[in-house]
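Visitor: Dropping the structure in here first, questions after.
The values are calculated or read from the model by the stated rules, or taken from the named source; none is laboratory data. Fair warning: this is a prediction, and the values are worked out from it, not measured in the lab. So basically every Cβ, Gly included, is an ideal-geometry build from the backbone, and we count neighbours across all protein chains shown.
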């Protein structure tokens, strides 16, 4: 067994020596030398750096568009409807109109009231003239199928516009 290993090592050594001492790789070495003769690394020059020119900020003299005084003046000049900021807010004005549901109506004589279910699960009675929703929505009419409101919606210019909206009777309640 030991002689077999020695014979194997001698055979491998003779094959490896043939790779190093033979002429078979000479043509490859010659070709590599020819290719490397004309090669020189070329580094492109760095781009020219422009001198720094500081920017002079001259907008300090201009009016600040977010100045509170300027905004108050714009609100005073704005015509049309304005929300009453001195009026105490009603409970249903703390909810989005989309989260409120009309579930029915009550009628006493000629007075019609709507039953509104709030997200907190409570049921509220509202009449014409009450406010609900976060856009200063004032109830203008109540029928068996809907509550009509007029909301005050602010635009980016500080003006307020009236927008008619309805709160329909909840479909699940209509089926009952």
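Visitor: For the range 34-48, does any single residue satisfy the condition of being more than 30 Å from residue 155 (Cβ to Cβ), surrounded by 10 or more Cβ atoms within 10 Å (Cβ to Cβ) and either modelled with pLDDT of 75 or more or in contact with a strand residue (DSSP E or B) (Cβ under 8 Å, 6 or more places away or on another chain) (or both)?
Guide: Among the residues of the range 34-48, not one is more than 30 Å from residue 155 (Cβ to Cβ), surrounded by 10 or more Cβ atoms within 10 Å (Cβ to Cβ) and either modelled with pLDDT of 75 or more or in contact with a strand residue (DSSP E or B) (Cβ under 8 Å, 6 or more places away or on another chain) (or both), which makes the answer no.
Visitor: Any residue in the range 127-135 that is in contact with a strand residue (DSSP E or B) (Cβ under 8 Å, 6 or more places away or on another chain), farther than 30 Å from residue 66 by Cα and part of a strand (DSSP E or B)?
Guide: Checked the range 127-135: at least one residue is in contact with a strand residue (DSSP E or B) (Cβ under 8 Å, 6 or more places away or on another chain), farther than 30 Å from residue 66 by Cα and part of a strand (DSSP E or B).
Visitor: Would you point out which residue out of 155, 159, 170 is closer than 30 Å to residue 65 by Cα and touching a residue at least 40 places away in the same chain (Cβ under 8 Å)?
Guide: 159
Visitor: Right, something else. Looking at the range 51-70 only, could you name the residues that are within 39 Å of the chain's Cα centre (by Cα) and at pLDDT 85 or above?
Guide: Of everything in the range 51-70, those that are within 39 Å of the chain's Cα centre (by Cα) and at pLDDT 85 or above turn out to be 52, 53, 54, 55.
Conditions (1) modelled with pLDDT under 90; (2) part of a loop (DSSP other than H, G, I, E, B), marked per residue:
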{"site": "89", "(1), (2)": "no, yes"}
{"site": "104", "(1), (2)": "no, no"}
{"site": "113", "(1), (2)": "no, no"}
{"site": "141", "(1), (2)": "no, no"}
{"site": "147", "(1), (2)": "no, no"}
{"site": "156", "(1), (2)": "yes, yes"}
{"site": "163", "(1), (2)": "no, no"}
